[in-house]
Amino acid sequence: MSLPVVFRPEARTEVVEAWVWYEEQRPGLGDEMVACLDAAVAAASRNPEAYARNYGEARRALVRRFPYAVFYMVEGGELVVLAVAHTSRKPGYWADRIRTRQT
């Protein structure tokens, strides 16, 4: 059974920005990135404890083919995506989102 998935607004913005960048590189590449991202989120949703904790209670699932990681927590029976972060930029920039969870 999969957990319902909720994207924090900041994480949703990161997905859109990545999609735009990849689409500018080659039409259709942004859609491929989102498909790989969706697969990573779906896997985490099916088995959230399969991924190692990375920052406190936050866990990290890597996106195949693309240099992104999905950082998430399980809260109230939902998988909450805190960030969709490029793996080579500003490590931990999103960590304050753990403390500023929305209800």
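The values are calculated or read from the model by the stated rules, or taken from the named source; none is laboratory data. Since the model is a prediction, treat every value here as computed from it, not as a measurement. Here the Cβ positions follow ideal geometry from the backbone for every residue, glycine too, while neighbour counts run over all protein chains shown.
Couple of notes before you dig in:
- Some residue of segment 13-27 being modelled with pLDDT under 95, within 15 Å of the chain's Cα centre (by Cα), at negative phi and of a type in the set (V, I, T): no
- The set of residues in segment 75-92 that are surrounded by 13 or more Cβ atoms within 10 Å (Cβ to Cβ) and either more than 15 Å from A40 (Cβ to Cβ) or of a type in the set (A, V, I, L, M, F, W, C) (or both) comprises E75, E78, L79, V80, V81, L82, A83, V84, A85, P91.
- Condition met for A95 (surrounded by fewer than 20 Cβ atoms within 10 Å (Cβ to Cβ), hydrophobic (A, V, I, L, M, F, W, C) and either out of contact with any Phe, Trp or Tyr (no Cβ under 6 Å at 6 or more places or on another chain) or at pLDDT below 95 (or both)): yes
- The set of residues in segment 1-42 that are crowded, with 18+ Cβ neighbours inside 10 Å, in contact (Cβ under 8 Å) with a residue 60 or more places away in the chain and either touching a Cys at 6+ places or on another chain (Cβ under 6 Å) or assigned to a helix (DSSP H, G or I) (or both) comprises A11, E14, V15, A18.
- Subset of segment 51-74 (residues that are surrounded by 14 or more Cβ atoms within 10 Å (Cβ to Cβ), of a type outside the set (A, V, I, L, M, F, W, C) and part of a strand (DSSP E or B)): N54, Y55, R59, R60, Y68, Y72
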